[in-house]
Amino acid sequence: MDHRTERIAEALREELSELIEYEMSDPRVNGVVVTDVQSSPDKRHAHVRIGFTPEADAPGALEALEHARGFLRRQLASRLEMYRIPELHFEADISPDLAGRMASLLKRMKKGRPKE
């Protein structure tokens, strides 16, 4: 993955994390953490890996994110200066090192802005 694609993927991950945490009112996304974003080489698709805290409803959360895909893309378009916002594809993150990444991501999120 080239440097630009990595930067785009990281910007998408950060913005999606914030949008899901603070902007979505759907209770099914409580306990959802964006663990990784992989952008396709043509930057038309982004595969968003989602981790879940123990209290999260994984199937319900994935359904809610699929339903909110249009809202999330519009929000990304207004926040990021990109020529084209990629199509979002959500999938559960079931990688073996998920627990360690979840801990560090949750710590980083807690340092973010407080909920209103």
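Scan the range 11-26 and tell me whether some residue there is out of contact with any His (no Cβ under 7 Å at 6 or more places or on another chain), over 20 Å from Q75 (Cβ atoms) and of a type in the set (A, V, I, L, M).
Initial filter on the range 11-26 (out of contact with any His (no Cβ under 7 Å at 6 or more places or on another chain)): 11-26.
From what's left, over 20 Å from Q75 (Cβ atoms): none.
Scanning the range 11-26, I find no residue that is out of contact with any His (no Cβ under 7 Å at 6 or more places or on another chain), over 20 Å from Q75 (Cβ atoms) and of a type in the set (A, V, I, L, M), so the answer is no.
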Please find, within the range 34-48, the residue that is farthest from I85 (Cα to Cα) out of those that are of a type outside the set (S, T, N, Q) and buried (at least 20 other Cβ atoms within 10 Å of the Cβ). V34
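Could you please let me know if L72 is touching a helix residue (DSSP H, G or I) at 6+ places or on another chain (Cβ under 7 Å) and either surrounded by fewer than 17 Cβ atoms within 10 Å (Cβ to Cβ) or part of a helix (DSSP H, G or I) (or both)? Write out each step before concluding.
Numbers: touching a helix residue (DSSP H, G or I) at 6+ places or on another chain (Cβ under 7 Å): yes; either surrounded by fewer than 17 Cβ atoms within 10 Å (Cβ to Cβ) or part of a helix (DSSP H, G or I) (or both): yes.
Judged against the criteria, L72 is a match.
Restricting to the range 2-12, what's the tally of residues that are over 12 Å from the mean Cα position of the chain (by Cα) and touching a residue at least 24 places away in the same chain (Cβ under 8 Å)?
Going through the range 2-12, the residues over 12 Å from the mean Cα position of the chain (by Cα) turn out to be 2-8.
Those still in the list that are touching a residue at least 24 places away in the same chain (Cβ under 8 Å) too: 5, 8.
Here the count works out to 2.
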For the range 20-58, name all the residues that are of a type in the set (S, T, Y) and in contact with a Ser or Thr (Cβ under 9 Å, 6 or more places away or on another chain). T35, S39, S40
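Matching residues to (1) free of Cβ contacts under 8 Å to residues at least 60 places away in the same chain; (2) over 11 Å from V29 (Cα atoms); (3) in contact with a His (Cβ under 8 Å, 6 or more places away or on another chain):
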| site | (1), (2), (3) |
| --- | --- |
| A58 | yes, no, no |
| L62 | yes, no, no |
| L65 | yes, no, no |
| F71 | yes, yes, no |
| L76 | no, yes, no |
| M82 | no, yes, no |
| I85 | yes, yes, no |
| H89 | yes, yes, yes |
| D93 | yes, yes, no |
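Would you check which residues across the range 13-33 are of a type in the set (G, A, S) and either crowded, with 18+ Cβ neighbours inside 10 Å or in contact (Cβ under 8 Å) with a residue 24 or more places away in the chain (or both) and list them?
Residues of the range 13-33 that are of a type in the set (G, A, S), as a first pass: 17, 25, 31.
Correct list: S17, G31.
Each value in this text was obtained by applying a stated rule to the coordinates, not by laboratory testing. These numbers come from a predicted model, not from an experiment. Using ideal geometry, Cβ is built from the backbone for each residue, glycine included, and neighbour counts are taken over all protein chains shown.
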